[in-house]
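Asks: Got a structure for you, written out below as structure tokens; questions coming shortly.
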There are 2 protein chains.
Amino acid sequence: MSKHNGASAEPIRTAITNDDGIDLSIIELLFFAYRDFTSDPDHILAGYGFGRAHHRVLHFVNRMPGLTVAELLDVLQITKQSLARVLKQLIDTGHIVQLQGPRDRRQRELYPTAKGRELALALARPQSRRIHAALENAQPAERQGIESFLKAMVNPEWRVQIDNLPANTRGKSHGDE
Amino acid sequence: MSKHNGASAEPIRTAITNDDGIDLSIIELLFFAYRDFTSDPDHILAGYGFGRAHHRVLHFVNRMPGLTVAELLDVLQITKQSLARVLKQLIDTGHIVQLQGPRDRRQRELYPTAKGRELALALARPQSRRIHAALENAQPAERQGIESFLKAMVNPEWRVQIDNLPANTRGKSHGDE
DNA sequence: AATTTATGTCAGCCATGTTGACATATTTTG
DNA sequence: CAAAATATGTCAACATGGCTGACATAAATT
């Protein structure tokens, strides 16, 4: 009560540290690493008038060509109204095309164009370079440990999303045909 | 030209894969891992009417008690107008207090209150638990490999931000006194 | 024929970032 | 001491990208 303001909540002058039983090192490393990891594509996107939302859509359409709008909503976990805005822009700018679903003509299958493919690769390239540099003097086992850790950080019920991506299923198309 | 629309950009039906020379595995693992990593505190914050912006402010004030507004802006890399809104809320709700700087009375040193400390720990705890679970059967060397990788993902010029945090400097206050 | 489903769209709200301009108190400088 | 620079606060306007709710359309299913 030697303090001077009416509310007079006492300031705590000591820092939270690892001694509090919290793994602060990795919490903060993830924060800073992810921030810089996303800064690469963010810069490129700004030049197109696009944002991170466009990046995510473009990425998954390139990774799962022919996926439907509903499937994309599942992966991104956003509402269709949110998707609509960025998807419309990507279609208007010729990065993505919609084809009527062959089985169910209500569905719209989403495919990248050559332009969309190029942009997706241009966005992924600096991220890949950063990863490559960060793994420069890493043993194969170390890389394996990092992948295992990151996958274990994902909620178990969503790990299928990762397993279903074509890089991990050796060229299998995402669809059921 | 068997397609039907005027723009008629050809759909690409193959997926981008690791064969394109891109490290898609880790790119996507980072995306999914970070999404779920942040979902824990996001849920708690929603109950307070707070967002991720509040989390970041609260976290660094708890990690560097007594830092000034300008220092916080440096760490967060946002504008003071952006900070003003969330900081005001955190002060109004009694999570953070401002003290006039002792050396320079223009400065406002930011400190957590007991309430703010508790919330910061409550937000960090599930993240720490998730990390702990993900490292369950990891060797110490594996953990070291993960930390090295994450740090190497950060832009070199900003790695000092990590080194200056008290967990990594063994209790040293961030200030110069 | 009626219902359900997949998609699109309109309108409005909220959170969090931005820029620019200006006010105030305080410190530093000439 | 007066002037300039600095630290902070605040006002206004704007952009992005989420959200909800409501409703329209076409196609598939019942």
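Asks: Could you identify the single residue in B:60, B:37 that is more than 15 Å from DNA strand C (Cβ to nearest atom) and part of a helix (DSSP H, G or I)?
Replies: After applying the criteria, what remains is B:37.
Asks: Can you tell me which residues in region B:62-75 are open to solvent by 20 Å² or more (accessible area, probe 1.4 Å) and near DNA strand D (Cβ under 9 Å from one of its atoms)?
Replies: Within region B:62-75, B:69, B:70, B:71, B:73 meet the criteria.
Asks: What are the residues in region B:84-102 that are within 16 Å of DNA strand C (Cβ to nearest atom), surrounded by fewer than 16 Cβ atoms within 10 Å (Cβ to Cβ) and not in a strand (DSSP E or B), if any?
Replies: Listed by number, the residues that qualify are B:84, B:85, B:88, B:92, B:101, B:102.
Asks: Hey, another quick one. Within region A:103-130, which residues are within 16 Å of DNA strand D (Cβ to nearest atom) and not in a loop (DSSP other than H, G, I, E, B)?
Replies: Scanning region A:103-130 gives A:108, A:109, A:110, A:119, A:120, A:123.
Asks: Output the residues belonging to region A:76-85 that are within 14 Å of another protein chain (Cβ to nearest Cβ) and more than 7 Å from DNA strand D (Cβ to nearest atom).
Replies: Within region A:76-85, A:76 is the sole residue that qualifies.
Asks: Kindly check whether there is at least one residue in region A:131-141 that is in a loop (DSSP other than H, G, I, E, B) and more than 11 Å from chain B (Cβ to nearest Cβ).
Replies: The answer is no; no qualifying residue exists.
Asks: Which condition number does residue B:27 fail, the rest of (1) in a helix (DSSP H, G or I); (2) more than 16 Å from DNA strand D (Cβ to nearest atom); (3) over 28 Å from residue A:131 (Cα atoms) being met?
Replies: Looking at each condition in turn, residue B:27 falls short on (3).
Asks: Return the only residue of B:54, B:59 being more than 7 Å from chain A (Cβ to nearest Cβ), open to solvent by 10 Å² or more (accessible area, probe 1.4 Å), within 16 Å of DNA strand D (Cβ to nearest atom) and not small (Gly, Ala, Ser).
Replies: Criteria check complete, one pass: B:54.
Asks: Here's a follow-up. Looking at region A:103-115, which of the residues that are over 12 Å from residue A:65 (Cα atoms) and either within 11 Å of DNA strand C (Cβ to nearest atom) or more than 12 Å from every other protein chain (Cβ to nearest Cβ) (or both) is surrounded by the most Cβ atoms within 10 Å (Cβ to Cβ)?
Replies: Among those residues, the one meeting the criterion is A:107.
Asks: Condition (residue is closer than 23 Å to residue A:165 by Cβ, in contact with a Phe, Trp or Tyr (Cβ under 9 Å, 6 or more places away or on another chain) and touching a residue at least 40 places away in the same chain (Cβ under 8 Å)) applied to region A:12-33: is it met by at least one residue?
Replies: No, region A:12-33 contains no residue that is closer than 23 Å to residue A:165 by Cβ, in contact with a Phe, Trp or Tyr (Cβ under 9 Å, 6 or more places away or on another chain) and touching a residue at least 40 places away in the same chain (Cβ under 8 Å).
The values are calculated or read from the model by the stated rules, or taken from the named source; none is laboratory data. Since the model is a prediction, treat every value here as computed from it, not as a measurement. Every residue, glycine as well, gets a Cβ built from its backbone with ideal geometry; the counts of neighbours run over all protein chains shown. Note: areas computed on protein heavy atoms with side chains; ligands, DNA, RNA excluded. Shrake-Rupley method; radii C 1.70, N 1.55, O 1.52, S 1.80 Å.
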